Amino acid sequence: MERPEAEPLGASDSCQAGEAEPGTGLAEEEPGGGAAGTMMEDCLSKKIEITVSEAEKRTGRNAMNMQETYTAYLIETRAVESQTEGQCSPPDSLWRRYSEFELLRNYLLVNYPHIVVPPLPEKRAEFVWHKLSADNMDPDFVERRRIGLENFLIRVASHPIICQNKIFYSFLTQEGGWKEMVNETGFQLKADSRLKALNATFRVKNPDKRFTELKHYSDELQSVISHLLRVRARVADRLYGVYKVHGNYGRVFSEWSAIEKEMGDGLQSAGHHMDVYAASIDDILEEEEHYADQLKEYLFYAEALRAVCRKHELMQYDLEMAAQDLASKKQQCEELATGTLRTFSLKGMTSKLFGQETPEQREGKIKVLEEQIHEGEEQLKSKNVEGREFVKSAWTDIERFKEQKNQDLKEALINYAVMQISMCKKGIQVWTNAKECFSKM
(Lines give C-alpha, C1' and ligand atoms only; values in the text may rest on other atoms or scores of the structure.)
Protein backbone atom coordinates (compact mmCIF):
# COMPACT_ATOMS: atom_id res chain seq x y z
CA MET A 1 0.00 0.00 0.00
CA GLU A 2 1.22 3.51 -0.86
CA ARG A 3 1.68 5.89 2.02
CA PRO A 4 0.07 9.29 1.16
CA GLU A 5 2.24 12.34 1.68
CA ALA A 6 0.84 15.77 2.64
CA GLU A 7 2.71 18.32 0.56
CA PRO A 8 2.32 22.03 1.23
CA LEU A 9 -1.09 23.25 0.10
CA GLY A 10 -1.00 24.07 -3.59
CA ALA A 11 2.37 22.37 -4.12
CA SER A 12 1.09 19.67 -6.46
CA ASP A 13 0.30 22.20 -9.18
CA SER A 14 3.26 24.45 -8.59
CA CYS A 15 5.78 22.94 -10.98
CA GLN A 16 3.25 22.74 -13.80
CA ALA A 17 1.95 26.24 -13.20
CA GLY A 18 5.20 28.12 -13.18
CA GLU A 19 8.31 26.13 -12.27
CA ALA A 20 8.34 26.99 -8.59
CA GLU A 21 10.72 25.08 -6.40
CA PRO A 22 9.24 21.80 -5.13
CA GLY A 23 7.48 22.14 -1.79
CA THR A 24 7.14 25.93 -1.85
CA GLY A 25 3.44 26.10 -2.74
CA LEU A 26 1.65 27.44 -5.76
CA ALA A 27 3.76 29.20 -8.38
CA GLU A 28 3.36 32.96 -8.36
CA GLU A 29 0.84 34.45 -10.77
CA GLU A 30 0.60 37.98 -12.09
CA PRO A 31 -2.11 39.80 -10.13
CA GLY A 32 -4.67 42.11 -11.68
CA GLY A 33 -5.65 40.02 -14.72
CA GLY A 34 -8.74 40.57 -16.85
CA ALA A 35 -11.17 39.18 -14.26
CA ALA A 36 -9.61 41.27 -11.51
CA GLY A 37 -9.85 44.37 -13.69
CA THR A 38 -13.57 43.72 -14.26
CA MET A 39 -14.10 43.23 -10.52
CA MET A 40 -12.34 46.54 -9.79
CA GLU A 41 -14.85 48.28 -12.06
CA ASP A 42 -17.68 46.68 -10.05
CA CYS A 43 -16.32 47.91 -6.71
CA LEU A 44 -18.88 49.48 -4.42
CA SER A 45 -16.67 52.58 -4.08
CA LYS A 46 -17.30 53.27 -7.78
CA LYS A 47 -21.06 53.31 -7.19
CA ILE A 48 -21.53 55.07 -3.86
CA GLU A 49 -19.65 57.72 -1.94
CA ILE A 50 -19.05 56.80 1.70
CA THR A 51 -18.23 59.24 4.48
CA VAL A 52 -18.15 59.09 8.26
CA SER A 53 -19.15 62.69 8.68
CA GLU A 54 -19.34 63.19 12.43
CA ALA A 55 -18.97 61.62 15.86
CA GLU A 56 -21.32 62.01 18.81
CA LYS A 57 -20.84 61.18 22.48
CA ARG A 58 -23.74 59.17 23.88
CA THR A 59 -24.82 57.32 27.01
CA GLY A 60 -26.78 54.10 27.17
CA ARG A 61 -26.99 50.70 28.78
CA ASN A 62 -24.84 47.73 27.79
CA ALA A 63 -25.66 44.01 27.74
CA MET A 64 -25.13 43.86 31.52
CA ASN A 65 -27.73 46.66 31.93
CA MET A 66 -25.00 49.00 33.21
CA GLN A 67 -24.83 52.61 32.07
CA GLU A 68 -21.93 53.39 29.74
CA THR A 69 -20.62 56.28 27.69
CA TYR A 70 -19.67 55.61 24.10
CA THR A 71 -19.11 57.36 20.77
CA ALA A 72 -21.43 56.87 17.79
CA TYR A 73 -20.36 57.69 14.24
CA LEU A 74 -22.60 58.99 11.46
CA ILE A 75 -22.14 57.08 8.18
CA GLU A 76 -23.44 58.84 5.07
CA THR A 77 -23.77 57.22 1.65
CA ARG A 78 -24.73 58.84 -1.64
CA ALA A 79 -25.01 57.31 -5.12
CA VAL A 80 -22.19 58.49 -7.40
CA GLU A 81 -24.54 58.56 -10.40
CA SER A 82 -26.76 61.23 -8.83
CA GLN A 83 -23.72 63.51 -8.47
CA THR A 84 -22.45 62.99 -12.03
CA GLU A 85 -25.93 63.77 -13.39
CA GLY A 86 -25.99 67.07 -11.50
CA GLN A 87 -28.61 65.98 -8.95
CA CYS A 88 -28.02 66.88 -5.31
CA SER A 89 -30.07 64.28 -3.45
CA PRO A 90 -29.57 64.09 0.34
CA PRO A 91 -27.34 61.25 1.50
CA ASP A 92 -28.65 58.19 3.33
CA SER A 93 -27.33 58.18 6.87
CA LEU A 94 -27.18 55.98 9.98
CA TRP A 95 -25.25 55.78 13.25
CA ARG A 96 -22.82 53.01 14.20
CA ARG A 97 -20.75 52.32 17.31
CA TYR A 98 -17.12 51.23 17.18
CA SER A 99 -18.18 47.78 18.46
CA GLU A 100 -20.36 47.38 15.36
CA PHE A 101 -17.36 48.13 13.15
CA GLU A 102 -15.52 45.41 15.11
CA LEU A 103 -18.37 42.95 14.53
CA LEU A 104 -18.29 43.69 10.79
CA ARG A 105 -14.55 43.14 10.56
CA ASN A 106 -14.69 39.90 12.57
CA TYR A 107 -17.37 38.65 10.19
CA LEU A 108 -15.21 39.52 7.17
CA LEU A 109 -12.15 37.81 8.72
CA VAL A 110 -14.06 34.55 9.18
CA ASN A 111 -15.80 34.57 5.80
CA TYR A 112 -12.77 35.73 3.77
CA PRO A 113 -9.78 33.99 5.39
CA HIS A 114 -7.74 34.34 2.17
CA ILE A 115 -8.16 38.16 2.15
CA VAL A 116 -5.89 40.69 3.89
CA VAL A 117 -8.86 42.38 5.57
CA PRO A 118 -8.32 46.13 6.18
CA PRO A 119 -7.75 46.94 9.88
CA LEU A 120 -9.75 49.25 12.10
CA PRO A 121 -8.14 52.32 13.69
CA GLU A 122 -6.95 51.89 17.25
CA LYS A 123 -9.55 51.65 20.00
CA ARG A 124 -7.29 53.51 22.44
CA ALA A 125 -4.43 55.86 21.63
CA GLU A 126 -0.99 54.26 21.34
CA PHE A 127 2.48 55.79 20.84
CA VAL A 128 1.33 59.13 22.26
CA TRP A 129 3.66 61.95 23.26
CA HIS A 130 3.16 63.61 26.64
CA LYS A 131 0.86 66.45 25.57
CA LEU A 132 -1.48 64.10 23.68
CA SER A 133 -4.37 62.59 25.62
CA ALA A 134 -4.66 58.78 25.79
CA ASP A 135 -8.36 59.10 26.70
CA ASN A 136 -10.52 57.43 24.06
CA MET A 137 -13.17 60.13 24.62
CA ASP A 138 -10.72 62.96 23.91
CA PRO A 139 -12.18 65.08 21.04
CA ASP A 140 -8.92 65.07 19.02
CA PHE A 141 -8.59 61.30 19.34
CA VAL A 142 -12.27 60.76 18.42
CA GLU A 143 -11.77 62.94 15.33
CA ARG A 144 -8.74 60.93 14.21
CA ARG A 145 -10.64 57.70 14.81
CA ARG A 146 -13.55 59.06 12.75
CA ILE A 147 -11.13 59.57 9.85
CA GLY A 148 -9.73 56.06 10.41
CA LEU A 149 -13.19 54.46 10.38
CA GLU A 150 -14.05 56.27 7.14
CA ASN A 151 -10.79 55.01 5.65
CA PHE A 152 -11.68 51.45 6.76
CA LEU A 153 -15.07 51.59 5.01
CA ILE A 154 -13.51 53.01 1.84
CA ARG A 155 -10.82 50.29 1.91
CA VAL A 156 -13.50 47.57 2.14
CA ALA A 157 -15.70 49.24 -0.50
CA SER A 158 -12.68 49.44 -2.84
CA HIS A 159 -11.68 45.78 -2.43
CA PRO A 160 -12.63 43.77 -5.54
CA ILE A 161 -14.06 40.86 -3.51
CA ILE A 162 -15.31 41.86 -0.08
CA CYS A 163 -17.00 45.02 -1.41
CA GLN A 164 -19.68 42.75 -2.90
CA ASN A 165 -20.66 41.25 0.45
CA LYS A 166 -24.34 41.76 1.33
CA ILE A 167 -23.65 42.07 5.07
CA PHE A 168 -21.23 44.92 4.37
CA TYR A 169 -23.79 46.69 2.17
CA SER A 170 -26.40 46.27 4.91
CA PHE A 171 -23.94 47.76 7.42
CA LEU A 172 -23.89 50.92 5.30
CA THR A 173 -27.60 51.12 4.55
CA GLN A 174 -29.66 49.24 7.15
CA GLU A 175 -29.64 50.66 10.67
CA GLY A 176 -32.14 48.39 12.43
CA GLY A 177 -31.66 44.63 12.69
CA TRP A 178 -28.14 44.61 11.25
CA LYS A 179 -26.56 42.91 14.28
CA GLU A 180 -29.19 40.18 14.21
CA MET A 181 -28.55 39.64 10.51
CA VAL A 182 -24.82 39.16 11.14
CA ASN A 183 -25.31 36.82 14.08
CA GLU A 184 -27.78 34.70 12.08
CA THR A 185 -24.97 33.85 9.66
CA GLY A 186 -23.37 31.80 12.47
CA PHE A 187 -19.94 33.12 11.57
CA GLN A 188 -18.77 32.80 15.20
CA LEU A 189 -19.06 29.01 14.95
CA LYS A 190 -16.73 29.01 11.91
CA ALA A 191 -14.03 31.04 13.65
CA ASP A 192 -10.83 29.12 14.37
CA SER A 193 -9.78 29.02 18.01
CA ARG A 194 -6.48 30.63 18.99
CA LEU A 195 -5.40 27.39 20.68
CA LYS A 196 -6.01 25.40 17.50
CA ALA A 197 -4.08 27.96 15.45
CA LEU A 198 -1.16 27.89 17.92
CA ASN A 199 -1.17 24.08 17.84
CA ALA A 200 -1.02 24.09 14.04
CA THR A 201 1.88 26.57 14.06
CA PHE A 202 4.08 24.26 16.12
CA ARG A 203 2.94 20.89 14.75
CA VAL A 204 2.72 21.43 11.00
CA LYS A 205 5.49 19.35 9.40
CA ASN A 206 5.64 20.63 5.85
CA PRO A 207 4.92 24.40 5.82
CA ASP A 208 4.81 26.47 2.65
CA LYS A 209 8.03 28.46 2.48
CA ARG A 210 6.37 31.57 1.04
CA PHE A 211 3.79 31.80 3.81
CA THR A 212 6.48 31.23 6.42
CA GLU A 213 8.50 34.09 4.93
CA LEU A 214 5.38 36.27 4.75
CA LYS A 215 4.66 35.64 8.43
CA HIS A 216 8.23 36.58 9.30
CA TYR A 217 7.93 39.71 7.14
CA SER A 218 4.72 40.78 8.92
CA ASP A 219 6.50 40.44 12.29
CA GLU A 220 9.39 42.55 11.02
CA LEU A 221 7.07 45.15 9.49
CA GLN A 222 5.21 45.51 12.77
CA SER A 223 8.48 45.82 14.69
CA VAL A 224 9.92 48.47 12.33
CA ILE A 225 6.77 50.61 12.31
CA SER A 226 6.50 50.34 16.11
CA HIS A 227 10.07 51.62 16.46
CA LEU A 228 9.37 54.41 13.98
CA LEU A 229 6.29 55.53 15.91
CA ARG A 230 8.19 55.49 19.22
CA VAL A 231 10.98 57.60 17.71
CA ARG A 232 8.43 60.00 16.28
CA ALA A 233 6.73 60.35 19.72
CA ARG A 234 10.10 61.13 21.36
CA VAL A 235 10.94 63.69 18.67
CA ALA A 236 7.49 65.28 19.11
CA ASP A 237 8.11 65.62 22.86
CA ARG A 238 11.43 67.36 22.33
CA LEU A 239 10.21 69.47 19.45
CA TYR A 240 7.30 70.69 21.56
CA GLY A 241 9.74 71.82 24.25
CA VAL A 242 12.03 73.55 21.74
CA TYR A 243 9.17 75.49 20.17
CA LYS A 244 7.55 76.46 23.46
CA VAL A 245 10.85 77.70 24.91
CA HIS A 246 10.93 80.24 22.08
CA GLY A 247 8.07 81.89 23.92
CA ASN A 248 10.68 82.90 26.49
CA TYR A 249 12.42 84.90 23.76
CA GLY A 250 9.15 86.71 23.19
CA ARG A 251 8.73 87.50 26.88
CA VAL A 252 12.35 88.68 27.28
CA PHE A 253 12.26 90.86 24.13
CA SER A 254 8.96 92.37 25.31
CA GLU A 255 10.41 93.20 28.75
CA TRP A 256 13.56 94.57 27.13
CA SER A 257 11.57 96.81 24.77
CA ALA A 258 9.99 98.54 27.79
CA ILE A 259 13.34 100.01 28.86
CA GLU A 260 14.61 101.01 25.40
CA LYS A 261 13.45 104.02 23.40
CA GLU A 262 15.23 103.64 20.04
CA MET A 263 15.32 99.82 20.10
CA GLY A 264 11.90 99.28 21.69
CA ASP A 265 9.76 98.83 18.56
CA GLY A 266 12.21 96.40 16.96
CA LEU A 267 12.47 94.28 20.10
CA GLN A 268 8.69 94.27 20.55
CA SER A 269 8.15 93.10 16.93
CA ALA A 270 10.82 90.38 17.26
CA GLY A 271 9.15 89.18 20.45
CA HIS A 272 5.82 88.94 18.63
CA HIS A 273 7.38 86.73 15.93
CA MET A 274 8.79 84.46 18.64
CA ASP A 275 5.37 84.15 20.31
CA VAL A 276 3.76 83.18 17.00
CA TYR A 277 6.53 80.62 16.40
CA ALA A 278 6.06 79.08 19.87
CA ALA A 279 2.28 78.78 19.39
CA SER A 280 2.56 77.15 15.94
CA ILE A 281 3.82 73.81 17.30
CA ASP A 282 0.32 72.74 18.41
CA ASP A 283 -1.04 72.76 14.84
CA ILE A 284 2.17 71.19 13.50
CA LEU A 285 2.04 68.21 15.86
CA GLU A 286 -1.70 67.78 15.29
CA GLU A 287 -0.96 67.48 11.56
CA GLU A 288 1.82 65.02 12.38
CA GLU A 289 -0.69 62.78 14.16
CA HIS A 290 -2.50 62.19 10.87
CA TYR A 291 0.72 60.90 9.30
CA ALA A 292 1.31 58.75 12.39
CA ASP A 293 -2.19 57.29 11.95
CA GLN A 294 -1.32 56.31 8.37
CA LEU A 295 1.69 54.38 9.70
CA LYS A 296 -0.45 52.81 12.43
CA GLU A 297 -2.80 51.46 9.78
CA TYR A 298 0.05 49.33 8.41
CA LEU A 299 1.11 48.42 11.93
CA PHE A 300 -2.34 46.78 12.23
CA TYR A 301 -2.22 45.46 8.65
CA ALA A 302 0.71 43.29 9.80
CA GLU A 303 -1.72 41.34 12.00
CA ALA A 304 -4.11 40.96 9.05
CA LEU A 305 -1.25 39.39 7.06
CA ARG A 306 -0.53 36.99 9.93
CA ALA A 307 -4.20 35.99 10.03
CA VAL A 308 -3.96 34.76 6.41
CA CYS A 309 -0.75 32.86 7.26
CA ARG A 310 -2.35 31.26 10.33
CA LYS A 311 -5.31 30.08 8.26
CA HIS A 312 -2.93 28.52 5.76
CA GLU A 313 -1.08 26.74 8.59
CA LEU A 314 -4.38 25.39 9.93
CA MET A 315 -5.38 24.07 6.52
CA GLN A 316 -1.95 22.52 6.03
CA TYR A 317 -2.12 20.90 9.48
CA ASP A 318 -5.61 19.49 8.77
CA LEU A 319 -4.30 18.12 5.47
CA GLU A 320 -1.35 16.44 7.19
CA MET A 321 -3.61 14.95 9.89
CA ALA A 322 -5.97 13.60 7.20
CA ALA A 323 -3.00 12.07 5.32
CA GLN A 324 -1.64 10.57 8.53
CA ASP A 325 -5.02 9.06 9.42
CA LEU A 326 -5.39 7.64 5.91
CA ALA A 327 -1.90 6.09 6.07
CA SER A 328 -2.72 4.50 9.43
CA LYS A 329 -5.93 2.95 8.09
CA LYS A 330 -4.13 1.61 5.01
CA GLN A 331 -1.53 0.03 7.24
CA GLN A 332 -4.20 -1.57 9.42
CA CYS A 333 -5.95 -2.91 6.32
CA GLU A 334 -2.68 -4.35 4.97
CA GLU A 335 -1.87 -6.00 8.31
CA LEU A 336 -5.31 -7.58 8.51
CA ALA A 337 -5.06 -8.81 4.92
CA THR A 338 -1.57 -10.33 5.32
CA GLY A 339 -1.76 -11.30 8.98
CA THR A 340 1.53 -9.51 9.74
CA LEU A 341 2.15 -6.66 12.17
CA ARG A 342 4.66 -3.96 11.28
CA THR A 343 4.58 -2.19 14.61
CA PHE A 344 3.67 -2.96 18.19
CA SER A 345 -0.04 -2.54 18.87
CA LEU A 346 -2.52 -3.33 21.63
CA LYS A 347 -4.57 -5.32 19.14
CA GLY A 348 -1.58 -7.52 18.35
CA MET A 349 -1.04 -8.29 22.02
CA THR A 350 -4.75 -9.02 22.47
CA SER A 351 -4.66 -11.48 19.55
CA LYS A 352 -1.70 -13.33 21.08
CA LEU A 353 -3.39 -13.56 24.49
CA PHE A 354 -6.94 -14.42 23.42
CA GLY A 355 -6.43 -16.05 20.03
CA GLN A 356 -6.70 -14.95 16.41
CA GLU A 357 -9.83 -13.45 14.88
CA THR A 358 -11.99 -15.64 12.66
CA PRO A 359 -11.73 -15.08 8.89
CA GLU A 360 -15.27 -13.67 8.91
CA GLN A 361 -14.35 -11.11 11.59
CA ARG A 362 -11.20 -10.15 9.72
CA GLU A 363 -13.09 -9.77 6.43
CA GLY A 364 -15.67 -7.57 8.16
CA LYS A 365 -12.98 -5.32 9.58
CA ILE A 366 -11.20 -5.12 6.23
CA LYS A 367 -14.46 -4.10 4.57
CA VAL A 368 -15.06 -1.33 7.13
CA LEU A 369 -11.47 -0.11 6.75
CA GLU A 370 -11.72 -0.09 2.95
CA GLU A 371 -14.82 2.09 3.20
CA GLN A 372 -13.03 4.40 5.62
CA ILE A 373 -9.99 4.48 3.29
CA HIS A 374 -12.20 5.44 0.35
CA GLU A 375 -13.81 8.21 2.41
CA GLY A 376 -10.37 9.33 3.60
CA GLU A 377 -9.02 9.49 0.05
CA GLU A 378 -11.99 11.59 -1.05
CA GLN A 379 -11.55 13.83 1.96
CA LEU A 380 -7.83 14.22 1.26
CA LYS A 381 -8.55 15.02 -2.38
CA SER A 382 -11.14 17.60 -1.32
CA LYS A 383 -8.74 19.21 1.17
CA ASN A 384 -6.04 19.41 -1.50
CA VAL A 385 -8.41 21.14 -3.94
CA GLU A 386 -9.60 23.51 -1.22
CA GLY A 387 -6.00 24.21 -0.26
CA ARG A 388 -4.91 24.98 -3.82
CA GLU A 389 -7.82 27.38 -4.22
CA PHE A 390 -6.95 29.07 -0.92
CA VAL A 391 -3.28 29.49 -1.88
CA LYS A 392 -4.16 30.88 -5.30
CA SER A 393 -6.74 33.34 -3.94
CA ALA A 394 -4.62 34.35 -0.94
CA TRP A 395 -1.51 35.02 -2.96
CA THR A 396 -3.43 37.10 -5.49
CA ASP A 397 -4.74 39.27 -2.67
CA ILE A 398 -1.34 39.44 -0.98
CA GLU A 399 0.18 40.77 -4.23
CA ARG A 400 -2.64 43.34 -4.41
CA PHE A 401 -1.93 44.33 -0.80
CA LYS A 402 1.82 44.69 -1.43
CA GLU A 403 1.19 47.06 -4.31
CA GLN A 404 -1.21 49.11 -2.16
CA LYS A 405 1.22 49.14 0.80
CA ASN A 406 4.17 50.32 -1.27
CA GLN A 407 2.14 53.15 -2.77
CA ASP A 408 0.56 54.25 0.53
CA LEU A 409 3.73 54.21 2.62
CA LYS A 410 5.73 55.96 -0.10
CA GLU A 411 3.10 58.72 -0.27
CA ALA A 412 2.87 59.05 3.53
CA LEU A 413 6.64 59.30 3.99
CA ILE A 414 7.01 61.84 1.18
CA ASN A 415 4.20 63.98 2.63
CA TYR A 416 5.76 63.73 6.08
CA ALA A 417 9.11 64.88 4.68
CA VAL A 418 7.39 67.78 2.86
CA MET A 419 5.71 68.79 6.14
CA GLN A 420 9.08 68.75 7.95
CA ILE A 421 10.66 70.89 5.20
CA SER A 422 7.75 73.33 5.46
CA MET A 423 8.16 73.46 9.23
CA CYS A 424 11.87 74.24 8.90
CA LYS A 425 11.16 76.94 6.32
CA LYS A 426 8.70 78.57 8.73
CA GLY A 427 11.40 78.53 11.42
CA ILE A 428 13.86 80.18 9.02
CA GLN A 429 11.21 82.77 8.11
CA VAL A 430 10.63 83.61 11.80
CA TRP A 431 14.33 84.28 12.36
CA THR A 432 14.53 86.18 9.05
CA ASN A 433 11.69 88.43 10.27
CA ALA A 434 13.43 88.81 13.64
CA LYS A 435 16.64 89.80 11.84
CA GLU A 436 14.76 92.50 9.90
CA CYS A 437 13.29 93.80 13.17
CA PHE A 438 16.78 93.99 14.69
CA SER A 439 18.12 95.73 11.54
CA LYS A 440 15.54 98.52 11.85
CA MET A 441 16.54 99.31 15.44
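The values are calculated or read from the model by the stated rules, or taken from the named source; none is laboratory data. Model, not experiment: these values are computed from the prediction. All Cβ positions, even for glycine, are placed from backbone atoms using ideal geometry, and neighbour counts span all protein chains on display. All accessible areas refer to the heavy atoms of the entire protein, side chains included, with ligands and DNA or RNA removed. Shrake-Rupley method; radii C 1.70, N 1.55, O 1.52, S 1.80 Å.
If R0 is taken as 45 Å, the Cβ-Cβ distance between ALA258 and GLN174 corresponds to a FRET efficiency of 0.10. Once the C-beta distance of ARG238 and VAL418 is scaled by a Förster radius of 22 Å, the resulting FRET efficiency is 0.55 to the nearest 0.05. Relative to its Kirkwood radius, the Cα radius of gyration of segment 134-192 gives an Rg/Rh of 1.07.
Under the combined filter of DSSP loop state and at most 13 neighbouring Cβ atoms within 10 Å, segment 241-316 retains these GluC sites (Glu not before Pro): GLU260, GLU262. Each peptide in 111-117, 178-184, 230-236 receives the mean, over its residues, of other Cβ atoms within 10 Å, and ordering these scores from highest gives 111-117, 230-236, 178-184. If you keep only loop residues by DSSP, which trypsin sites (Lys or Arg not before Pro) in segment 247-303 have at most 10 other Cβ atoms within 10 Å of their Cβ? The qualifying sites are LYS261. A full extension of the chain between SER223 and THR340 corresponds to an added length of 36.5 nm, given 0.36 nm per residue minus the alpha carbon distance. Highest mean packing first, where packing is the average number of other Cβ atoms within 10 Å per residue, the peptides 331-339, 160-168 line up as 160-168, 331-339.
At 1.4 Å probe size, put ILE428, ILE259, ILE225 in order of accessible surface, largest to smallest.
Putting ILE428, ILE259, ILE225 in descending order of accessible area: ILE259, ILE428, ILE225.
Between ARG61 and SER328, the modelled label-to-label distance comes to 5.2 nm, taking each label 7 Å out from Cα in the direction of the beta carbon.
Here's the list of lysines a cross-link from LYS440 could span, going by alpha-carbon distance under 24 Å and ignoring same-chain residues fewer than 8 apart: LYS261, LYS425, LYS426. Note on ASP140 and ASN206: with the Förster distance fixed at 60 Å, the Cβ-Cβ geometry gives a FRET efficiency of about 0.75. A simple rule links phi to the HN-Hα coupling: the Karplus curve 6.51 cos²θ - 1.76 cosθ + 1.60 with θ = phi - 60°, which for segment 171-188 gives 4, 7, 10, 10, 6, x, x, 5, 4, 4, 4, 5, 5, 5, 5, x, 5, 4 Hz, with x for Gly and Pro. The stretch between ASP408 and ASP92 holds 110.8 nm of extra length on full extension. This uses 0.36 nm per residue minus the Cα-Cα distance. Between MET181 and GLN429, the simple spin-label model (points 7 angstrom out along Cα→Cβ) gives 5.0 nm.
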